[in-house]
1. What chymotrypsin sites (Phe, Trp or Tyr not before Pro) does the chain have in DSSP loop regions with at most 16 other beta carbons within 10 Å?
2. GluC sites (Glu not before Pro), restricted to the chain: which are DSSP loop and have at most 16 other Cβ atoms within 10 Å?
3. So what J values fall out for segment 63-73 if you push phi through Karplus, 6.51 cos²θ - 1.76 cosθ + 1.60 with θ = phi - 60°, rounded to Hz, Gly and Pro as x?
4. Which shape class applies to segment 1-49: rounded if a/c is under 1.5, otherwise prolate when a/b exceeds b/c and oblate if not, where a ≥ b ≥ c are the square roots of the Cα gyration tensor eigenvalues?
5. Suppose R0 equals 41 Å. What FRET efficiency, 1/(1 + (r/R0)^6) with r the Cβ-Cβ distance, do S92 and V46 give to the nearest 0.05?
6. Shape of the chain from its Cα gyration tensor (a ≥ b ≥ c, root eigenvalues): rounded if a/c is under 1.5, otherwise prolate when a/b > b/c, or oblate?
7. Using only the alpha-carbon atoms, how far is helix 4-62 inclined from the longest principal axis of the chain? Give it as 0 to 90 degrees, nearest 10.
8. If I model a spin label at T64 and M20 as a point 7 Å from the Cα along the Cα→Cβ vector, what separation in nanometres do I get?
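Where a number appears in this text, it was derived from the coordinates with a stated rule and is not lab data. Predicted, not measured: the structure shown is a model, and the values here were computed from it. Here the Cβ is made from the backbone with ideal geometry for all residues, glycine too, and neighbour counts use every protein chain on show.
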Amino acid sequence: MIRLRWVLLFASIVCLVAIMGTAYFMEIRKIKRLSRLLDSKMEYLVELSRKNQEMEEKLKFYSTPEGIARLAREQFNMTFPSEKFYKIEIVSADGLSKDSP
């Protein structure tokens, strides 16, 4: 006949193995979640560093006289005194204008 102490020993070992297995799988799941989070944060950091580098390049360019002139032309429609400004309008060949329904 099986003694009670062997049953208790076996039950305690099974309980210990179940607890250890559950803790192991929970830690593995936590590690995977944290690694995914770390990957997403690294992608965001790389994106921000690229954007920062682009902005630094624009800052260097727009701090030069050529950059200032280009900025004035693009944003403020400014020209040099000797230049002429032409406005080009495209007329459709089918005779329909933007205002007609």
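1. F85, Y86
2. E83, E89
3. Working through the residues one at a time gives 8, 8, x, 5, x, 5, 5, 5, 4, 5, 5 Hz.
4. Verdict is prolate for segment 1-49.
5. Step by step, r from the Cβ atoms, then E = 0.35.
6. Since a/c reaches 1.5 but b/c is at least a/b, the shape of the chain is classed as oblate.
7. The answer is roughly 10 degrees.
8. Label-label distance for T64 and M20, simple model: 6.8 nm.
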